[in-house]
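Contents: one structure, followed by commentary.
The values are calculated or read from the model by the stated rules, or taken from the named source; none is laboratory data. All of these numbers come straight from a predicted model, not from anything done at the bench. Ideal geometry is used to build each Cβ from the backbone, glycine not excepted, and the neighbour counts take in all protein chains shown. Only protein heavy atoms, including side chains, enter the accessible area calculation; ligands, DNA and RNA are left aside. Shrake-Rupley method; radii C 1.70, N 1.55, O 1.52, S 1.80 Å.
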Amino acid sequence: MVAIEEYQRTGELGEPVVSVENLHVTYRVYATGKAAGSQRNGLLRVSRGIREVHALRGVSFVAHRNESIGIIGPNGSGKSTLMRALVGLTPPSAGAVYARSRPNMLGVAAAALLPELSGERNIVLGGLAMGFTPSEVREMRDDIVAFAELEESIDLPMRTYSSGMAARLKFAIAAARADDILIIDEALSVGDKRFQERSEERIREIASHAGTIFLVSHAMKSIRETCARTIWINQGVVEMDGPTDEVVDTYEASKK
Amino acid sequence: MSVSQLADVEHLHRVGARPPLFSYLAEVWRRRAFITTLARYRLRAKYEANRLGILWIAIRPLVNAAVYGLIFGVIQTGATRPKDYPVYVVVGVFFWEFFMGCFVEGAHAVTANRNMVQSLAFPRMTLPLAVWAERMYSFLITLVVLVPILILFGHYPSLKWLWVIPLFAIYATFNAGVTMILARITVHVTDLAELLPYIARILFYASGVLFSVDSVMKGHPLIIKAYDAYPMYQVLKMARHFLTEDAGTSFNQHYWLFLSLAAVITLVVGVLFFWSAEERYGRD
């Protein structure tokens with residue numbers, strides 16, 4: 001645990017709020033179809049091929065209060081798995097995640113929405129699903145409608161919205177929260193060019209209110225702008241963890 | 001210094017850990033607005049696209065009762081057919097639907113919301129409870145519709161009807177337990193969800209919704225004894241007695257005690273059973 005002792009020595013950082021110890025995540029997947037080279041087949045074969053995918057293989061780090069940490073790495077490197085493990089949605093097969101308060105992921109309330117209902121009711125439902133009280137939801141309502149630019153059609157069923165309108169509403173609901181420990185997946189910014197810029201701006205605003213943020217992004221520009229520290233994940237292990245400029249430079253050099 | 005030691009020192013908690021029972025239940029209670037809103041909105045979403053809208057909640061069981069009543073009214077001869085048959089069937093079907101809905105839809109409470117479970121952190125018990133609340137709202141609406149039907153067939157409101165209120169409370173408690181138990185079982189045994197509609201149908205035909213167990217099973221006193229300890233049979237019998245007393249449906253007073261016990265035990269078992277797998281939901 002060199003990294004932790006190092007951070008403790010420096011003493012400039014806030015207290016630890018998230019600590020990840022030797023985190024392993026293994027998915028068991030029921031393989032359908034045949035892997036190359038497999039011999040047996042047949043519909044009624046009882047033991048279907050169970051494949052184990054080792055998505056994280058021993059990740060450790062500590063995040064402190066008021067840190068902004070960028071998470072980078074190629075597709076399939078385990079970034080999303082790590083984020084899901086941080087919020088407690090994916091169980092570790094070994095190791096554990098400890099946190100001061102429960103980390104939350106930005107932008108996932110969409111799963112709770114009902115397309116048959118009006119945007120208005122979906123705001124209520126999404127807000128309650130995220131854990132707000134009914135009076136907090138009432139307070140948020142106008143801001144959400146205004147940010148999503150849906151004043152005209154907020155009483156229409158969500159299924160009648162264009163995909164851009166629906167995406168804006170989902171983003172506006174999701175972005176209504178300010179958490180202590182927040183995980184932001186920048187694939188989240190949606191809509192047309194103008195709304196994308198607004199949503200990125202909003203993400204940064206949220207990030208500045210949150211105590212500790214993790215920003216997952218493929219855009220090195222926003223990582224450099226937002227994060228002081230960056231963790232590079234590759235094939236389920238931490239390839240590099242340190243000041244953003246150093247890590248991002250090495251990462252970009254490795255891809256050339 | 002290892003991280004878990006650090007966690008001790010800094011009072012960090014393991015993320016995703018199942019909370020102790022009472023703080024879990026407190027969290028569920030804090031989310032009660034989510035439960036009732038999800039239930040109400042789902043009901044609306046289901047029916048709002050139809051022209052008759054929310055009326056379908058009452059029309060569906062009514063059509064059900066009419067179809068079953070017609071068929072079973074013809075099949076059963078005068079000797080075994082209960083007196084006042086239309087009312088017998090309507091009360092039976094209306095009360096049965098509450099249990100049936102919790103039984104069949106409770107099984108999908110977690111599995112059908114995989115997306116939500118996998119992306120949001122909230123006490124999962126809110127999902128079966130929302131299904132239960134949704135069925136309870138439907139049931140309350142059908143109870144209102146039942147009043148004019150009873151009057152139409154000559155059963156006028158009386159003080160005795162008030163007994164339906166405690167019966168409703170016990171019945172709802174029982175169904176909450178049933179919903180939670182089914183919600184967890186199908187998470188482990190997905191295949192069961194395919195079988196459940198058939199199991200529900202067998203229960204439906206066997207519970208005396210459409211016929212009088214006492215007269216059909218006249219020659220088998222043991223079977224009648226066994227029915228005496230069957231909660232759904234007790235619910236139907238008590239409901240009929242209070243709402244249509246002349247339909248020859250007196251019941252044993254031990255039903256009250258027995259049914260209350262069964263309801264409380266089912267609820268406690270349901271809560272413990274569902275809660276103990278809290279970390280398991282959404283992982284497949």
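Give me, ordered by chain and number, the residues 5 or more places off residue A:105 or on other chains with an amide H under 5 Å from its own placed amide H.
A:183
What average number of partner chain Cβ atoms lie no more than 10 Å from the Cβ of the residues making up B:115-124?
Average neighbour count from other chains, rounded to a whole number: 6.
Using heavy-atom solvent-accessible surface (probe 1.4 Å) with all chains present, what is the largest-first order of A:256, A:221?
I get A:256, A:221, largest accessible area first.
How much accessible area per residue does chain B have, in Å², with a 1.4 Å probe?
47
So which helices of chain B fit the span-like rule, where a helix is a whole DSSP H run, its Cα atoms reach 30 Å or more along the axis, and its mean Kyte-Doolittle is at least 0.5?
Length and hydropathy pass: B:85-106, B:126-152, B:164-188, B:254-275.
For peptide A:110-117, how many partner chain Cβ atoms fall within 10 Å of a residue's Cβ, on average?
5
Kindly report, to the nearest 10 Å², the accessible surface of residue B:36 as traced by a 1.4 Å probe over protein heavy atoms only.
The accessible area of residue B:36 comes to roughly 50 Å².
Within the protein assembly as shown, what percent of beta bridges assigned by DSSP are antiparallel, to the nearest 5?
Restricted to the protein assembly as shown, the bridges split so that about 65 percent are antiparallel.
Taking 0.36 nm per residue of separation and subtracting the Cα-Cα distance, what length does fully extending residue A:163 through residue A:221 add?
Gain on extension, residue A:163 to residue A:221, equals 18.2 nm.
Identify all aspartates and glutamates with a Cα-Cα distance to residue B:218 below 18 Å; exclude those on the same chain that are fewer than 8 residues away in sequence.
B:228
To the nearest hundred square angstrom, how large is the accessible surface buried between B and A, total for both chains, probe 1.4 angstrom?
3300
Would you mind putting A:61-71, A:117-127 in packing order, based on average other-beta-carbon counts within 10 Å, highest first?
A:117-127, A:61-71
Could you tell me what percent of the accessible area of the range B:1-146 is made up of carbon and sulfur, with a 1.4 Å probe and every protein chain present?
Exposed carbon and sulfur together represent 63 percent of the surface.
Just want to confirm a number: the relative contact order over chain B, from Cα pairs under 8 angstrom separated by 6+ residues, in percent.
Answer for chain B is 27 percent.
How far is the Cα center of the range B:177-225 from the Cα center of the range A:64-82, in Å?
Cα centres, the range B:177-225 to the range A:64-82: 50 Å.
Please list, in chain and number order, the residues 5+ apart from residue A:216 or on another chain whose amide H is under 5 Å from its amide H, with Hs placed from the backbone.
Under 5 Å from the amide H of residue A:216 lie the amide H atoms of A:71, A:184, A:185, A:186, each far enough along the sequence or on another chain.
For residue A:229, which sequence-distant residues (separation of 5 or more, or a different chain) have an amide H within less than 5 Å of its own amide H, given hydrogens modelled in the peptide plane?
Placed amide hydrogens put A:68, A:70, A:244 under 5 Å from residue A:229.
Run the reach check for residue A:79 against lysines, Cα to Cα strictly under 24 Å, same-chain hits fewer than 8 apart removed. What comes back?
A:170, A:221, A:255, A:256
If B:13, B:241 are ordered by their accessible area, calculated over protein heavy atoms with a 1.4 Å probe, which sequence runs from highest to lowest?
Ranking B:13, B:241 by accessible area, largest first, yields B:13, B:241.
Please work out the FRET efficiency for the pair residue A:254 and residue A:193, using the Cβ-Cβ distance as r and a Förster radius of 22 Å; give the result to the nearest 0.05.
About 0.10, to the nearest 0.05.
Which part of the range A:161-175 falls in the paramagnetic zone of residue A:209, meaning amide N under 20 Å from the point 7 Å along Cα-to-beta-carbon?
Residues A:168-175 fall inside that zone.
To the nearest 10 square angstrom, what accessible area does residue B:222 show with a 1.4 Å probe?
140
At 7 Å along Cα-to-Cβ for each site, give me the label-to-label distance between residue B:165 and residue A:136 in nm.
Taking the simple label geometry, residue B:165 and residue A:136 are separated by 3.6 nm.
State whether the range A:108-162 is rounded, prolate or oblate according to the following rule on the C-alpha gyration tensor (a ≥ b ≥ c being the square roots of its eigenvalues): a/c under 1.5 gives rounded; otherwise a/b larger than b/c gives prolate, and the remaining case gives oblate.
Judged from the Cα gyration tensor, the range A:108-162 comes out oblate (a/c at least 1.5, b/c at or above a/b).
Within 10 Å of each Cβ in A:130-140, how many Cβ atoms from other chains are there, averaged over the peptide?
The mean count of partner-chain Cβ atoms within 10 Å per residue comes to 2.
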